[in-house]
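The structure under discussion appears below in the form of structure tokens.
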Amino acid sequence: MSYSFEYIDIILLAMIAGFIFLRLRGILGKKTGFEENINSSFPHEVQETKSSPILNADTFDETAKKDFLNGAKIAYESVITSFSKEDLKSIKNLLAKNVYDQFDEAIKDKKARNVTSDTTFIGINSAVIKDHSQNKNMLEVSVEFVSEIISCIKDKDNKVVSGDAQKVKKVLDTWKFTKDSTSKNPNWLIVDTQA
């Protein structure tokens with residue numbers, strides 16, 4: 001009699017395991033042989049020749065401009081937010097030495113006056129290429145950004161001394177980016193910022 005209960009337990013466990021297997025197969029699917037090879041979807045290395053420039057003023061077409069503007073918007077937001085947090089280390093690779101020094105000087109000035117800036121980046125309304133040119137191997141692109149930011153300066157007692165902590169304001173900036181057209185490094189440097 002006790003043996004029959006063991007067989008029933010085994011049969012019940014097998015049925016439960018079969019049910020779970022069928023449910024997982026229905027949810028996860030099965031391999032059909034038509035899966036895309038992920039290694040071919042994302043090329044790991046771009047083959048480039050050293051003799052020809054990667055990009056120049058003549059090949060800066062609409063696709064290149066769109067790709068550039070997408071990267072410029074990311075750089076703009078990163079620089080604004082990192083500068084407001086006084087974190088220049090995270091954006092040092094985006095800034096030319098003169099721009100880095102200007103930002104560093106502005107942060108030191110705020111510390112000397114014992115004030116802090118409180119900045120909330122809302123978003124970019126527009127980014128338009130105003131000018132692009134090539135000087136020897138160096139490409140230069142000027143971009144006009146219109147963004148929305150909440151910004152104020154607070155004193156040591158956390159009281160607002162300028163700006164408004166509740167008001168969104170539109171900001172117009174023109175930044176100049178530069179890059180060596182023969183370099184394999186895809187990064188552009190910010191060489192000038194004008195508000």
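The values are calculated or read from the model by the stated rules, or taken from the named source; none is laboratory data. None of the values given here were measured: they were computed from a predicted structure. For neighbour counting, all protein chains shown are included, and Cβ atoms are generated from backbone atoms with ideal geometry for every residue, glycine included.
Side notes on the structure shown:
- Residue in the stretch 118-133 that is without any contact (Cβ under 8 Å) to a residue 60 or more places away in the chain, of a type in the set (D, E, K, R), surrounded by 15 or more Cβ atoms within 10 Å (Cβ to Cβ) and under 13 Å from Trp175 (Cβ atoms) present: no
- Number of positions in the stretch 151-162 that are hydrophobic (A, V, I, L, M, F, W, C) and either in contact with a Lys or Arg (Cβ under 7 Å, 6 or more places away or on another chain) or exposed (fewer than 13 other Cβ atoms within 10 Å of the Cβ) (or both): 2
- Any chance Thr178 is surrounded by 15 or more Cβ atoms within 10 Å (Cβ to Cβ), more than 21 Å from the chain's Cα centre (by Cα), among the hydroxyl-bearing types (Ser, Thr, Tyr) and more than 18 Å from Ala195 (Cβ to Cβ): no
- Scan the stretch 143-157 for residues that are over 17 Å from Thr81 (Cβ atoms) and in contact (Cβ under 8 Å) with a residue 40 or more places away in the chain and the total you get is 3.
- For the stretch 156-195, filtering for residues that are of a type outside the set (Lys, Arg), at pLDDT below 90, part of a loop (DSSP other than H, G, I, E, B) and within 22 Å of Asn70 (Cβ to Cβ) leaves 5.
- Taken together, Glu45, Glu36, Glu86 contain a single residue that is outside any helix (DSSP H, G or I) and modelled with pLDDT of 85 or more, which is Glu86.
- Top-ranked residue in the stretch 138-155 [being in a strand (DSSP E or B) and of a type in the set (D, E, K, R); ranked as farthest from Thr119 (Cα to Cα)]: Glu140
- Flag if Lys85 is surrounded by 14 or more Cβ atoms within 10 Å (Cβ to Cβ) and either within 18 Å of Lys65 (Cα to Cα) or within 20 Å of the chain's Cα centre (by Cα) (or both): no
- Test: residue in the stretch 99-116 that is in a helix (DSSP H, G or I), at pLDDT below 80 and loosely packed, with under 10 Cβ neighbours inside 10 Å: no
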